[in-house]
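Visitor: There's a structure below that I have some questions on.
The values are calculated or read from the model by the stated rules, or taken from the named source; none is laboratory data. Everything quoted here is computed from the prediction, not taken from an experiment. Virtual Cβ from ideal backbone geometry, glycine too; neighbours counted across all protein chains shown. All accessible areas refer to the heavy atoms of the entire protein, side chains included, with ligands and DNA or RNA removed. Shrake-Rupley method; radii C 1.70, N 1.55, O 1.52, S 1.80 Å.
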Amino acid sequence: GAGVSQSPSNKVTEKGKDVELRCDPISGHTALYWYRQSLGQGLEFLIYFQGNSAPDKSGLPSDRFSAERTGGSVSTLTIQRTQQEDSAVYLCASSLLQGYEAFFGQGTRLTVV
Amino acid sequence: GENVGLHLPTLSVQEGDNSIINCAYSNSASDYFIWYKQESGKGPQFIIDIRSNMDKRQGQRVTVLLNKTVKHLSLQIAATQPGDSAVYFCAASGGAAGNKLTFGGGTRVLVKP
């Protein structure tokens, strides 16, 4: 596609429910990132995929968070048993290679009520 | 790990003046730096990048300066326009932090007419 696509753009869920957020990176990009951004704050690193290497999961805040990248393309971020503090915008980015500019999607705004 | 931060959370600039946004990083092994612009409700947008083998890089109306001695990065915007009003983030990668991009907290630039 022309850019990084994320879905849904908005998600409201009840506390305790599981949610899945999807990211379609730019075709051919080997690196994919997930970040979280709370209102008025900076970008908090969550997880990084690079080709077939083991993902860097060092930013995942708890074991309720997990992510997969199937076939080196689409990625899904899953949050289990959502809590109110999970409310944020979740941003996905991809880059052609490691150490190159990353292009961001528009994000998924998650609200846990 | 990498720690990237900004000196000024908010910068008010008169239209037509030059803007300077500063950023400090902690990991001397960082070798790739990016500036992003984020408008309300949108994902970060790439502005300009620089690698550690350079100390200056120019784009259209923007210049990035890198001082590796003091681990400092700055973004200069010439003739600031109302459309430049946004939050600006610096990011770094490389070294012990690996290839993931680590972001600073952001500076909000407000352009006054």
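Visitor: What full-extension length gain, to one decimal in nm, is calculated for B:R61 and B:Q45 as 0.36 nm per residue of separation minus the Cα-Cα distance?
Guide: Answer, rounded to one decimal: 4.2 nm.
Visitor: How about A:K11: which lysines have a C-alpha closer than 21 Å to its C-alpha, ignoring those fewer than 8 places off in the same chain?
Guide: Candidates past the 8-residue exclusion: B:K42.
Visitor: To continue, here is another question. Over chain A, what lengths in whole Å, largest first, do the semi-axes of the equivalent ellipsoid take, defined as the square roots of 5 times the eigenvalues of the alpha-carbon gyration tensor?
Guide: Output for chain A: semi-axes of 23, 14, 13 Å.
Visitor: Further question: Take the eigenvalues of the Cα gyration tensor for chain B, scale each by 5, and report the square roots as semi-axes in whole Å, largest first. Could the numbers behind the result be given before it?
Guide: Numbers: eigenvalues 112, 41, 27 Å².
Taking √(5λ) for each eigenvalue gives 24, 14, 12 Å, largest first.
Visitor: When all protein chains stay in place, what accessible area (Å², nearest 10, 1.4 Å probe) is found for B:E15?
Guide: 90 Å²
Visitor: Among A:A102, A:A54, A:A93, which one moves the most in a GNM of chain A with springs linking Cα atoms closer than 10 Å?
Guide: The residue with the greatest mean-square fluctuation here is A:A54.
Visitor: Using every pair of alpha-carbon atoms in the protein assembly as shown, split the distances into 10 Å bins beginning at 0 and state the percent of pairs per bin, rounded to integers.
Guide: Spelled out bin by bin, the protein assembly as shown gives 8, 33, 35, 19, 4, 0 percent.
Visitor: Now a separate question. What is the mean number of Cβ atoms from other protein chains located within 10 Å of the Cβ atom of each residue in peptide A:88-95, rounded to a whole number?
Guide: Whole-number average of other-chain Cβ neighbours for A:88-95 is 2.
Visitor: Now, a different point. Residues of B:40-47, mean number of Cβ from any other protein chain within 10 Å of their own Cβ, rounded to a whole number?
Guide: The mean count of partner-chain Cβ atoms within 10 Å per residue comes to 5.
Visitor: Taking a label point 7 Å from the Cα of A:S58 along the Cα→Cβ vector, which residues of the stretch A:9-45 have an amide N closer than 14 Å to it?
Guide: A:45
Visitor: How long is the gain from A:T111 to A:E14 if the chain were fully straight, where each residue apart is worth 0.36 nm and the alpha carbon distance is subtracted?
Guide: 34.1 nm
Visitor: Count, for each residue of B:101-107, the Cβ atoms from other chains sitting within 10 Å of its Cβ, then give me the mean as a whole number.
Guide: Working: counts 12, 5, 6, 2, 3, 5, 0.
Rounded to a whole number, the mean comes out at 5.
Visitor: Same structure, new question: Please name whichever of A:L110, A:Q50, A:S62 sits farthest to the positive end of the charge dipole of chain A, dipole taken about the Cα centre and charges placed at Cβ: Lys and Arg +1, Asp and Glu -1.
Guide: A:L110
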